[in-house]
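K.L.:
Before I ask anything, let me first share the structure, which is written out below as structure tokens.
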Amino acid sequence: MVTKNAQSEPGNWSNTTVGVGLGGRIYTVEKDGTLYSTSTKKNDWTVLGSNYKSRLLVASGTENGWLFTITEDGTLYKVNPNNGDIKQIGDDGAWSDAVVADAIGDTMYYISDEGKLISLDLAGDEGMKEIGSGYDPKMMWAWQDSLYVLQKDGSLYKASIEDGTWELFGEEEAYADTVAATIHNGVFYAIEDDGALGATSLDGGAYEELTDEDFTGTRYLFSAGKYLYAIHKNGTLYRVEV
């Protein structure tokens with residue numbers, strides 16, 4: 001059974017532009033560039049910083065990880081999720097071509113506007129290298145040793161972080177109607193434009209439609225702690241139990 005419980009008043013999250021879950025917290029950036037940290041346990045929030053103007057926001061790790069943000073001008077920053085301290089990585093605007101991104105450990109993966117899959121070693125000596133090409137991505141998530149890339153045509157691909165080899169995951173264009181999605185505990189959860197919620201196991205690919213609630217109008221879907229969290233277009237934050 002799927003349950004959806006409002007965690008805010010309508011409108012409270014209407015200005016959110018990007019967000020990600022890390023451990024038991026949700027990190028979001030607003031239109032004005034403010035970075036917020038929201039506890040999923042206490043349902044309270046703190047301001048971590050301002051003037052972020054993030055275009056992409058990703059998390060590395062589960063509990064004691066880091067945030068990485070690429071700003072509108074393509075500059076990359078490493079962000080301490082506890083206090084908002086930031087450190088610029090590379091030159092101003094060096095990642096202006098990044099379309100989607102995620103991170104595993106100290107390596108960030110992104111796909112450029114030319115469809116190239118790039119790995120970026122943020123701690124070691126490997127630097128930046130191309131490990132794949134030919135992508136036209138809509139969304140991307142990292143899970144264990146793989147990347148899951150949702151193409152604009154609705155096809156989902158699984159790509160190795162080692163050498164970029166990829167395979168179709170499920171049927172072609174199976175997720176053509178997906179408006180929001182995330183990976184949570186080894187399951188790919190996707191919300192369709194008709195409000196349906198589906199779950200696909202990443203171990204074997206079995207799909208199940210779970211909808212007990214109408215998720216029409218969902219803008220974002222996050223994994224944080226034990227639950228999924230959805231933000232509706234009217235600015236309401238929901239906790240989703242599956």
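The values are calculated or read from the model by the stated rules, or taken from the named source; none is laboratory data. Small disclaimer: the values here were computed from a predicted structure and weren't measured. With ideal geometry, Cβ positions are generated from the backbone for all residues, glycine too; neighbour counts draw on all protein chains shown.
K.L.:
Output the residues belonging to the range 112-124 that are surrounded by fewer than 18 Cβ atoms within 10 Å (Cβ to Cβ), of a type outside the set (D, E) and at pLDDT 95 or above.
P.N.:
G115, K116
K.L.:
Take the range 37-64 and flag every residue that is under 19 Å from Q88 (Cβ atoms) and surrounded by 15 or more Cβ atoms within 10 Å (Cβ to Cβ).
P.N.:
L48, G49, Y52, K53, S54, R55, L56, L57, V58, A59, S60
K.L.:
Can I ask one more? Only residues that are surrounded by fewer than 20 Cβ atoms within 10 Å (Cβ to Cβ) and among the hydroxyl-bearing types (S, T, Y): list them for the range 125-145, please.
P.N.:
Across the range 125-145, the qualifying residue is only S133.
K.L.:
While we're on this one: Return the residues of the range 3-33 that are surrounded by 15 or more Cβ atoms within 10 Å (Cβ to Cβ) and more than 23 Å from G61 (Cβ to Cβ); say none if nothing qualifies.
P.N.:
Within the range 3-33, K4, Q7, S8, N12, W13, S14, E30, G33 meet the criteria.
K.L.:
Which residues, taken from the range 101-139, are in a loop (DSSP other than H, G, I, E, B), charged (D, E, K, R) and over 20 Å from V20 (Cβ atoms)?
P.N.:
D113, E114, K116, D125, E126, D136
K.L.:
Identify, please: which residue in the range 42-75 is hydrophobic (A, V, I, L, M, F, W, C) and under 16 Å from the mean Cα position of the chain (by Cα) and is, among those, farthest from M140 (Cα to Cα)?
P.N.:
Looking only at the range 42-75, we keep the residues that are hydrophobic (A, V, I, L, M, F, W, C), and these are 45, 47-48, 56-59, 66-68, 70.
The next check asks that each one be under 16 Å from the mean Cα position of the chain (by Cα); those that pass are 56-59, 66-68, 70.
Values: L56: 11, L57: 12, V58: 10, A59: 12, W66: 18, L67: 16, F68: 15, I70: 15 Å.
Taking the candidates together, the pick is W66.
K.L.:
If a residue must be of a type outside the set (K, R) and assigned to a strand (DSSP E or B), how many such residues does the range 206-242 contain?
P.N.:
19
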